[in-house]
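Down below is the structure, laid out as structure tokens.
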Amino acid sequence: MPLVNTKEMFEKAYKGGYAIGAFNVNNMEVVQAITEAAKACNSAVILQVSAGARKYAKQGYLVAMVKAAIADTNLPIVLHLDHGDSFELCKDCIDGGFTSVMIDYSGHPYEENIEVTRKVVAYAHDTTNHPYVTVEAELGTLGGVEDDVKVKAEDAMFTNPEQVIDFVTRTGVDSLAIAIGTSHGAYKFKPGVEPYLRFDILEEVSKKLPGFPIVLHGASSVNQEYVQIINENGGKMPDAIGVPENLLRKAATMAVCKINIDSDLRLAMTAGVRKVFNEHPDYFDPRQYLGEGRKNVKTLVEHKIRDVLGSVDSAK
Ligand code: G3H
Ligand code: 13P
Ligand code: ZN
């Protein structure tokens, strides 16, 4: 099976009332853990690569690993660029075999966001030199940390539902990421504050764009089990708090077709590695500690697919 884009995957997810997990990948162990978990659940899956991941692992290695995962699992897999910040980066990924890209111009003025997104869409949808590539864009600004960019909570902005019809029709994007209270990283809510998402905004957006796939970024739940293991084994992550899984479950049954998860994978991997190091100070074979991290990530992704995303059997 070749790499696929998100078109049919999202149509099925929207109708079926579930979401596809979009998991960030940087190395072989994480690619294997995610795709083995997806295989165990017979689930479609999106593997996404940030600019930072591309710099760390090199695009060619990541593309080859994702292709190897398809050969191993025979699942529908999308290779997606996460938070592309320029036309040139999106073009490079499309030319390199990605089947989906995100152009994130949400931090720029509205008209600039439209202009650059439209340019990426024109290139991605033109099938002269490559297959049809789907495009995700963003309206509204999430708080938190992406690579070197930190957005303070007070600078984050919810998506304005009054803009979505104009944005989608003028750009021709295939899916839209919206800001309804999620944020990037492991510190999403302050201790003592009840986490909430603006479901009213999601509902208004989906009324204005019936059948159109919505994306949630910053959707890690920061599973406390892993935070505790990290803290008990030499780590220091006080007050790490994520989006409660029941809120994400609800979003997945609505217009949200793609849920982005990265921080949870990092926590699962780090918990595994820290625990092994703490319990076995004599270990020095990377397979011993990376293997434990990989096991944790696989368990976590299976749990997400079954209990949060609801995408079991979506590979059919
Ligand atoms: O939203 C960003 C993702 O968590 C990727 O993080 O830019 O550090 O690779 P990164
Ligand atoms: P988290 O930091 O919540 O995992 O968000 C990841 C994300 O949105 C990647 O684009
Ligand atoms: Zn994101």
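The values are calculated or read from the model by the stated rules, or taken from the named source; none is laboratory data. Please read these numbers as outputs of a predicted model, since none were measured by experiment. Counting neighbours? That spans all protein chains shown, and the Cβs are built from the backbone with ideal geometry, glycine included.
Determine if the stretch 18-33 includes at least one residue that is more than 30 Å from GLY143 (Cβ to Cβ) and surrounded by 21 or more Cβ atoms within 10 Å (Cβ to Cβ).
no
Return the residues of the stretch 256-315 that are of a type in the set (S, T, N, Q) and either outside any helix (DSSP H, G or I) or free of Cβ contacts under 8 Å to residues at least 12 places away in the same chain (or both); say none if nothing qualifies. Even if it seems obvious, please write down each step before you answer.
Here is the first cut: in the stretch 256-315, the ones of a type in the set (S, T, N, Q) are 260, 263, 270, 278, 288, 296, 299, 311, 314.
Matches in the stretch 256-315: ASN260, SER311, SER314.
So, of the residues in the stretch 222-237 that are under 25 Å from PRO281 (Cβ atoms) and outside any helix (DSSP H, G or I), which turns out to be nearest to the chain's Cα centre (by Cα)?
MET237
I need the full set of residues from the stretch 173-198 which are under 17 Å from LEU248 (Cα atoms), of a type in the set (A, V, I, L, M, F, W, C), out of contact with any helix residue (DSSP H, G or I) (no Cβ under 7 Å at 6 or more places or on another chain) and surrounded by fewer than 22 Cβ atoms within 10 Å (Cβ to Cβ), in order please.
Correct list: PHE189 only.
Collect the residues in the stretch 17-36 that are more than 16 Å from ligand 2 (Cβ to nearest atom) and among the small types (Gly, Ala, Ser), keeping them in residue-number order.
The one that is more than 16 Å from ligand 2 (Cβ to nearest atom) and among the small types (Gly, Ala, Ser): GLY17.
Could you say whether any residue in the stretch 204-219 is under 27 Å from ALA33 (Cα atoms), away from ligand 2 (no atom under 14 Å from the Cβ) and touching a residue at least 40 places away in the same chain (Cβ under 8 Å)?
The answer is yes, given that some residue of the stretch 204-219 is under 27 Å from ALA33 (Cα atoms), away from ligand 2 (no atom under 14 Å from the Cβ) and touching a residue at least 40 places away in the same chain (Cβ under 8 Å).
Using the structure shown, decide if ARG249 is within 19 Å of the chain's Cα centre (by Cα), away from ligand 2 (no atom under 11 Å from the Cβ) and not aliphatic (A, V, I, L, M).
yes
What number of residues within the stretch 182-203 satisfy the criterion of being touching a residue at least 60 places away in the same chain (Cβ under 8 Å) and on the phi > 0 side of the Ramachandran plot?
1
Run GLY235 past the list (1) without any contact (Cβ under 8 Å) to a residue 60 or more places away in the chain; (2) out of contact with any Ser or Thr (no Cβ under 8 Å at 6 or more places or on another chain); (3) away from ligand 1 (no atom under 16 Å from the Cβ) and report the number of the one that doesn't hold.
With (1) without any contact (Cβ under 8 Å) to a residue 60 or more places away in the chain; (2) out of contact with any Ser or Thr (no Cβ under 8 Å at 6 or more places or on another chain); (3) away from ligand 1 (no atom under 16 Å from the Cβ) applied to GLY235, the lone miss is (2).
What's the number of the condition HIS83 fails, among (1) of a type outside the set (A, V, I, L, M, F, W, C); (2) within 16 Å of ligand 3 (Cβ to nearest atom); (3) in a helix (DSSP H, G or I)?
Every listed condition holds for HIS83 apart from (3).
Taking only the stretch 50-63 into account, find how many residues are assigned to a loop (DSSP other than H, G, I, E, B) and over 18 Å from ASN260 (Cβ atoms).
Total satisfying the criteria: 1.
May I ask you to list the residues in the stretch 128-153 that are modelled with pLDDT under 70, more than 12 Å from ligand 3 (Cβ to nearest atom) and outside any strand (DSSP E or B)?
ASP148, LYS152, ALA153
Counting only residues that are assigned to a helix (DSSP H, G or I) and among the polar types (S, T, N, Q), how many does the stretch 35-49 have?
Within the stretch 35-49, residues that are assigned to a helix (DSSP H, G or I) and among the polar types (S, T, N, Q) number 1.
When residues of the stretch 103-121 are filtered for being in a helix (DSSP H, G or I) and in contact (Cβ under 8 Å) with a residue 40 or more places away in the chain, how many remain?
Qualifying residue count for the region: 6.
Out of the residues in the stretch 60-84 meeting the condition of being without any contact (Cβ under 8 Å) to a residue 60 or more places away in the chain and under 15 Å from ASN42 (Cα atoms), tell me which one is nearest to ligand 1 (Cβ to nearest atom).
ALA69
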